[in-house]
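The values are calculated or read from the model by the stated rules, or taken from the named source; none is laboratory data. Because the structure is a prediction, the values reported are computed rather than measured. Cβ: placed from backbone, ideal geometry, glycine included. Neighbour counts: every protein chain shown.
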Amino acid sequence: MSFVSRGFRRRRPDADPSRVPPGQYVTTDYPVLSAGPTPHTSPEEWSFAIDGEVAEARSWTWDEFRALPSEEVTVDIHCVTKWSKLDTVWRGVSVDTLLDGVDTSAEHSTQYSDGGYTTNLPLADVTGGKAWVVYEYDGEPLEPEHGGPARMLVPHLYFWKSAKWIRGLRLQLEDEPGFWETNGYNNHGDPWKEQRYWGD
Amino acid sequence: MDALMLDGNAVAGLLHEAFGAEMTTATGTCDACGASQQIGAVHVFRGAGVVLRCHRCESILAKIVVRRGQACVDLRGLRALVALQGTSEA
Amino acid sequence: MEGAALLGRLTWQLADVVDIVPETAGVKTLALDVPEWPGHRAGQHVDVRLTAEDGYQAERSYSIGSAPNGTRVELTVERLDDGEVSPYLTEELRPGDRLELRGPVGGYFVWEPAVGGPVLLVGGGSGVVPLMAMIRERAAAGSDVDMRLLLSSRTLDDVIYRDELERLAGSGLTVTQTLTRSQPTGWAGYARRVDAEMLAEVSPGAEDRPHVYVCGPTPFVEAVATALVSLGHEPDRIKTERFGPTGG
C-alpha cells in the first residue's frame, strides 16, 4: 500500500489499544451486514432448540425462553470486516444454562438461523461462560436488522461466529464448516490471532 | 423488500476482479428455481462476504469472499453462467 | 456492442483532481483526469478507495455523470451526513489531489445511442447521476431518440443539474420533475412521491417497450419498479441501480 489519500482520516474514538485486536478499527456506530433478506419472525413463531447428538432434544418457545434465568453482559465485538465496537450491552441466556443437564459426547456444534445461515464452533467455545443467546441490545428488544428476535453472542471470536436470527444449536460429533467457513473464512476465527481467512 | 439490498451491478468491480472480465451482462441460471437473469440484476447482500441471490426466489446464486487479494467464489447456486466472449474493443 | 465482456484485469488507478464544482448545497461534481482511462459507457460507475495514514481503507462506488470524453471523468457526489467517504470527497478533496479509483464497471446499467428508444429514466435524488451521463451522451451524439427523464427531488434547490436539464430539454428529450418536500410558488411540476399514476402520465406506453433505467435509494427504486410492472412494463426491460438504504 503506497498511496495515501491526503487529509483522509477516520473519526476515531479514543480506545485503549489493548482492547483492539490487530487490524481492527473502533467504531461508534453499528454497521448492519447481512447475507440475505432480514427475516421477520414473530415471538409467537419463534423457538430455540438444542438438538443433534443429544439423548433428548429440547426446545423453548419465546415465553419459555424469556422465563429462563438471564443476565446482562457488556462485551467488545469484533467484525472480520475490520470494525470493532467496545462496551456493547446485551441481555440473554447463557448457553451453559441451555446446555445444563444435556448429556452428549459431541465436541462440535453448529448454530442455525432463520434464512439458512450457519456457523460452526467447538462446543468448548460456546460453554464455560463464553456464549449467550441474547434478545436485548442496549436495553431494548433486539431489532430484526441486528438479528432479532434473538441472536447468538460469542464475543471472543469474530462476529460472524455469532449467528443472527438464531433458532438452534446442533451438537455434533464431526465438525461441519458453516456458511462462511466453507467459502474462505477461517474455521476458528480468533481475532487476537487475526484468524480471518483460510490458512491464517 | 430489504433496504439493504443492492443490484448485481453494485459489485461489478468486485466481479470484474474475481473473473477477469465484466460480468454484469453475463446471464446466470438459478439452480433452485431455474430463473434466468443478467448478473447485473441479481440481488446483492453484503455480509462478512458478498452474497448474490436470485431476483425471483432469493436463493443463493454465489458467495464471494476476498481473501488477501484472492477471490474465493462459491458458484453452486448457479446451474449455468453464460458470458459473452470479449473483444479487444473497450 | 451490448453485452461485450471486457477481458483483462481491472486495476486501481490514480486520477488527478482537476476541479471541484458545487451542484447543490450538499452535492459536488469532481472533475477528474484519469491518464490510463480506457473510455466508458453512459451509466457505468467507478469504485473509489480512500487510504488513511494508519492503513485504514474505505471503498465506495460512484456513478460517472459525464458522457465519454477522452480521459476526463466526472463524478457527482452527494454528501451524506454520517458518511465516511462522501464528506471527504465533498469537503476535503481539492484540485491537485489524487484519487484512487477502479473502473469503469457495470456493463449492465448502460445506454448508448445504438440501444435506441424510447427510453424512460427515473431518478431519485443523486440517482440522477448515471442517468445524466445517458442524457449527455445522447446530446453529444446528436441523437433524437425519445428519452424521458422523471426526476424526484426534495426541493427545487436540491435538483442536481437543474440548469443543464432545462437547456437540454427539447428535440425528443422530456424532463419532468416532482418535488416531494416543498415547492416554490407557481410550481407546475408534480408535488408528491413517484407513483403509478405519475409514471403512466410520463412514460411511453408499455406497448412501446421502452428501455427503462431506475436509479436512487433502494426503497425508491423498489417502489418505482413495482409500479412500472403494474403498468404492464416488462421486468426485463427495467434496469435498476439501487444505492442502498440511504443513497449513493
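Being closer than 20 Å to A:Ala57 by Cα and within 14 Å of the chain's Cα centre (by Cα) is a condition met by at least one residue of region A:77-94. Summed over region C:192-201, residues that are in contact with a strand residue (DSSP E or B) (Cβ under 9 Å, 6 or more places away or on another chain) and surrounded by 13 or more Cβ atoms within 10 Å (Cβ to Cβ) total 4. Within region A:2-29, the set of residues being surrounded by fewer than 14 Cβ atoms within 10 Å (Cβ to Cβ), in a loop (DSSP other than H, G, I, E, B) and more than 10 Å from every other protein chain (Cβ to nearest Cβ) comprises A:Pro13, A:Asp14, A:Asp16, A:Pro22, A:Thr28. Residues that are within 9 Å of the chain's Cα centre (by Cα), over 21 Å from A:Thr38 (Cβ atoms) and assigned to a loop (DSSP other than H, G, I, E, B): does region B:49-70 have at least one? No, region B:49-70 contains no residue that is within 9 Å of the chain's Cα centre (by Cα), over 21 Å from A:Thr38 (Cβ atoms) and assigned to a loop (DSSP other than H, G, I, E, B).
The residue of region C:70-92 that is farthest from C:Asp33 (Cα to Cα), among those that are in a loop (DSSP other than H, G, I, E, B) and within 21 Å of the chain's Cα centre (by Cα), is C:Asp81. Screening B:Met23 on (1) of a type in the set (A, V, I, L, M, F, W, C); (2) facing another protein chain (nearest Cβ under 9 Å); (3) more than 16 Å from C:Gly244 (Cβ to Cβ); (4) surrounded by fewer than 21 Cβ atoms within 10 Å (Cβ to Cβ) shows it passes everything except condition (4). Identification of strands (runs of 3 or more DSSP E) wholly contained in region A:81-200 with 3 or more residues that are closer than 17 Å to A:Tyr30 by Cα and more than 14 Å from chain B (Cβ to nearest Cβ) yields A:83-94, A:132-137. Applying a threshold of 6 Å to beta carbon distances and a minimum spacing of six or more residues, or different chains, the list of pairs starting in region C:223-248 at a residue that is more than 9 Å from every other protein chain (Cβ to nearest Cβ) and on the phi > 0 side of the Ramachandran plot and ending at one that is modelled with pLDDT under 95 and assigned to a loop (DSSP other than H, G, I, E, B) reads C:Gly247/C:Pro217. Among the conditions (1) at pLDDT 95 or above; (2) more than 21 Å from C:Pro235 (Cα to Cα), B:Arg53 misses just one, which is (2).
One residue stands out among those in region B:27-40 that are buried (at least 23 other Cβ atoms within 10 Å of the Cβ) and small (Gly, Ala, Ser): the one that is farthest from the other protein chains (Cβ to nearest Cβ), which is B:Gly28. For region C:193-222, which positions are under 16 Å from the mean Cα position of the chain (by Cα), at negative phi and either touching a residue at least 40 places away in the same chain (Cβ under 8 Å) or part of a loop (DSSP other than H, G, I, E, B) (or both)? Once the filter is applied, which keeps residues that are under 16 Å from the mean Cα position of the chain (by Cα), at negative phi and either touching a residue at least 40 places away in the same chain (Cβ under 8 Å) or part of a loop (DSSP other than H, G, I, E, B) (or both), region C:193-222 yields C:His211, C:Val212, C:Tyr213, C:Val214, C:Cys215, C:Pro217, C:Phe220, C:Val221. So for region A:38-46 (the condition being surrounded by 14 or more Cβ atoms within 10 Å (Cβ to Cβ) and either small (Gly, Ala, Ser) or free of Cβ contacts under 8 Å to residues at least 12 places away in the same chain (or both)), does at least one residue qualify? No.
For the condition in a loop (DSSP other than H, G, I, E, B) and touching a Gly at 6+ places or on another chain (Cβ under 6 Å), what is the one hit in C:Val145, C:Val129?
C:Val145
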